[in-house]
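A.B. asks: To start, I am sharing the structure in question, which I have written as structure tokens.
The values are calculated or read from the model by the stated rules, or taken from the named source; none is laboratory data. The model shown is predicted, which means the values in this text are computed figures rather than measured ones. So basically every Cβ, Gly included, is an ideal-geometry build from the backbone, and we count neighbours across all protein chains shown. Calculation scope for accessible area: heavy atoms of the full protein, side chains included, ligands and nucleic acids excluded. Shrake-Rupley method; radii C 1.70, N 1.55, O 1.52, S 1.80 Å.
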Amino acid sequence: MFGLKDDWSLKLPPRYFTLEDYDGGVARWCPGCGDHGVLMSVRRICREEQIPPEKIVNVSGIGCSSRFPHYMATYGFHSLHGRALPVACGVKSRRPDLDVWVSTGDGDNCSIGAGHWIHAMRYNMKMVVMMFDNNVYGLTKKQTSPTTEPGFKTNTHPRGAVLPALDPISAMLGMSNVSFIAQTVDWNPVHMHDTLHRAWKHPGLAFVRIMQRCPQYTGNIFEAFQDDPNSLLVMEHQDGVPVDPSLDRTFKNRIAHDPKDIHQAFDFAKRRDVIPVGLFFCDPTRPRYDQISSVGLGMSVEEKLQGLEREFDRFAL
Ligand code: SF4
């Protein structure tokens with residue numbers, strides 16, 4: 001007799017994913033746009049963690065950064081203006097096994113999407129939310145956004161924006177059930193990668209504000225910060241974003257910050273003389289709605305009926 005089972009079994013080699021496996025095509029952002037670096041960071045993290053591309057969902061709203069899902073060879077949802085977070089929460093609620101990444105911008109998230117922003121933070125479902133903040137509406141060609149600094153000239157305020165800018169970090173520190181707030185800059189790719197990687201490891205909703213260069217419309221707003229490495233205030237802690245030793249020589253402006261200390265986080269968020277980078281706040285123990293909403297997922301109709309009968313029987317005489 002032939003050993004049929006052995007003869008016909010197909011032994012597949014384990015899958016190994018390379019950067020190309022996440023490459024969804026050539027990004028059509030402007031040359032020099034900070035979005036390119038974020039895309040490369042996310043692809044690298046997916047490769048380092050060997051996340052199967054079919055287990056990833058990239059969700060976005062509307063804006064330049066919201067083209068992100070088109071450039072990842074994963075599942076994706078390019079949704080409506082300000083609506084990335086409710087879509088992402090819906091995905092996570094029904095498919096908690098998927099790895100969800102959200103791309104949104106300052107205009108998308110902090111204006112029309114602000115209502116969803118507050119509630120998604122409170123729902124605290126496990127996902128990474130990247131807010132690309134270039135202080136302007138880029139896709140629609142330079143209108144004032146909620147984070148535009150006063151005096152900056154835009155198409156809607158040719159004499160300069162008039163209102164104080166919204167501060168996303170301070171706003172989030174005041175939101176209910178917030179569990180992870182970090183900040184990084186696109187011109188420091190090592191720190192940006194490590195911040196996004198630390199965010200990916202967080203068990204709840206990890207929000208990362210990325211100061212992002214838009215050479216097309218906000219050309220030199222970050223120039224002074226780029227020229228002077230000491231203008232980045234690197235927050236350090238064993239529970240924070242790990243600081244790569246390659247940054248030691250250049251980025252010497254460091255400060256100890258325990259991410260459990262929300263009061264000190266508020267103080268750092270108010271700084272305007274420097275850009276604080278790293279983890280402002282983290283509490284991995286906060287409740288997650290995806291854990292609550294996924295109870296009973298995958299039950300058969302019979303199992304659901306049995307469960308209902310059991311509940312009804314509790315009230316039977
Ligand atoms: Fe990037 Fe600005 Fe060009 Fe949009 S307009 S792709 S944000 S450089």
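A.B. asks: For the subset of the range 50-82 comprising residues that are among the hydrophobic types (A, V, I, L, M, F, W, C) and more than 19 Å from N109 (Cα to Cα), which member is farthest from the ligand (Cβ to nearest atom)?
C.D. replies: Ranking the qualifying residues of the range 50-82, first place goes to I51.
A.B. asks: Right, another one. Out of all the residues in the range 155-188, which are hydroxyl-bearing (S, T, Y) and in contact (Cβ under 8 Å) with a residue 24 or more places away in the chain?
C.D. replies: S170, S176, S179, T184
A.B. asks: Residues that are in contact with a His (Cβ under 8 Å, 6 or more places away or on another chain): find the strands (runs of 3 or more DSSP E) completely inside the range 216-305 holding 3 or more of those.
C.D. replies: Those strands (runs of 3 or more DSSP E) span 232-236, 275-282.
A.B. asks: Would you check if there is a residue in the range 263-276 being farther than 19 Å from F207 by Cβ and either basic (K, R) or open to solvent by less than 50 Å² (accessible area, probe 1.4 Å) (or both)?
C.D. replies: Yes, the conditions are met somewhere in the range 263-276.
A.B. asks: While we're here: How about the range 105-122: which of its residues are open to solvent by less than 30 Å² (accessible area, probe 1.4 Å) and farther than 23 Å from D35 by Cα?
C.D. replies: Scanning the range 105-122 gives A120, M121.
A.B. asks: Within the range 16-32, take every residue that is open to solvent by less than 100 Å² (accessible area, probe 1.4 Å) and within 16 Å of the ligand (Cβ to nearest atom) and give me the one that is modelled with the lowest pLDDT.
C.D. replies: That would be G25.
A.B. asks: Another one. Among the residues of the range 36-49, count how many are within 16 Å of the ligand (Cβ to nearest atom) and in contact with an Asp or Glu (Cβ under 8 Å, 6 or more places away or on another chain).
C.D. replies: Selection size over the range 36-49: 2.
A.B. asks: Okay, next question. Across the range 138-182, what is the number of residues that are of a type outside the set (V, I, T), in contact with a Phe, Trp or Tyr (Cβ under 7 Å, 6 or more places away or on another chain), over 23 Å from W29 (Cα atoms) and not in a loop (DSSP other than H, G, I, E, B)?
C.D. replies: Residues flagged as of a type outside the set (V, I, T), in contact with a Phe, Trp or Tyr (Cβ under 7 Å, 6 or more places away or on another chain), over 23 Å from W29 (Cα atoms) and not in a loop (DSSP other than H, G, I, E, B) within the range 138-182 amount to 5.
A.B. asks: Okay, next question. Only one residue in M211, M192 is open to solvent by 10 Å² or more (accessible area, probe 1.4 Å), in contact (Cβ under 8 Å) with a residue 40 or more places away in the chain and within 17 Å of the chain's Cα centre (by Cα), so which one is that?
C.D. replies: M211
A.B. asks: Next up: How about the range 103-132: which of its residues are over 20 Å from G204 (Cβ atoms) and within 12 Å of the chain's Cα centre (by Cα)?
C.D. replies: G105, F132, listed by residue number.
A.B. asks: Looking at the range 56-75 only, could you name the residues that are surrounded by 19 or more Cβ atoms within 10 Å (Cβ to Cβ) and part of a strand (DSSP E or B)?
C.D. replies: Within the range 56-75, I56, V57, N58, V59, S60, M72 meet the criteria.
A.B. asks: For the condition more than 20 Å from T195 (Cα to Cα), crowded, with 20+ Cβ neighbours inside 10 Å and away from the ligand (no atom under 13 Å from the Cβ), what is the one hit in V129, V102, V87?
C.D. replies: Answer to the selection: V87.
A.B. asks: Out of the range 185-215, which residues are among the hydrophobic types (A, V, I, L, M, F, W, C) and either within 16 Å of the ligand (Cβ to nearest atom) or not in a helix (DSSP H, G or I) (or both)?
C.D. replies: Once the filter is applied, which keeps residues that are among the hydrophobic types (A, V, I, L, M, F, W, C) and either within 16 Å of the ligand (Cβ to nearest atom) or not in a helix (DSSP H, G or I) (or both), the range 185-215 yields V185, W187, M192, L205, A206, F207, V208, I210, M211, C214.
A.B. asks: Are any of the residues in the range 132-146 more than 16 Å from the ligand (Cβ to nearest atom) and without any contact (Cβ under 8 Å) to a residue 40 or more places away in the chain?
C.D. replies: no
A.B. asks: Could you tell me how many of the residues in the range 49-65 are of a type outside the set (S, T, N, Q) and within 12 Å of M127 (Cβ to Cβ)?
C.D. replies: Residues that pass the stated criteria total 3.
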